[in-house]
Amino acid sequence: MWGCSSTNFFTIFRCRQHQRLTRSGVTLSRTTLTNLSKRAIELLRPIAVAQLEHVLQSKVLAMDETPIKAGRQGLTWSNRFVHTS
């Protein structure tokens, strides 16, 4: 098993995802995982663009960075929510 040594966020994400899949007994090449990721990104791109356009057209913006507990015990994630009106 190879390690996740790259500094690129998406490369590290795919590396860790590949490791999780392998541990779960799912056989999937890294190339296939990369291609699936690219395809999903392209399918979601119009939604992200529409959300950004909506946010940029708003008169009022507020951001909430309240950390919440998620996943394994003791692990804290800081979620960001943008509120518009």
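The values are calculated or read from the model by the stated rules, or taken from the named source; none is laboratory data. Since the model is a prediction, treat every value here as computed from it, not as a measurement. No Cβ is skipped: glycine too gets one built from the backbone with ideal geometry, and neighbour counts run over all protein chains shown.
Can you tell me which residues in the range 53-85 are at pLDDT 75 or above and surrounded by 11 or more Cβ atoms within 10 Å (Cβ to Cβ)?
Those that are at pLDDT 75 or above and surrounded by 11 or more Cβ atoms within 10 Å (Cβ to Cβ): HIS54, VAL55, SER58, LEU61.
I need the full set of residues from the range 22-60 which are without any contact (Cβ under 8 Å) to a residue 12 or more places away in the chain, among the β-branched types (Val, Ile, Thr) and closer than 17 Å to ILE12 by Cα, in order please.
THR31, THR32, ILE41
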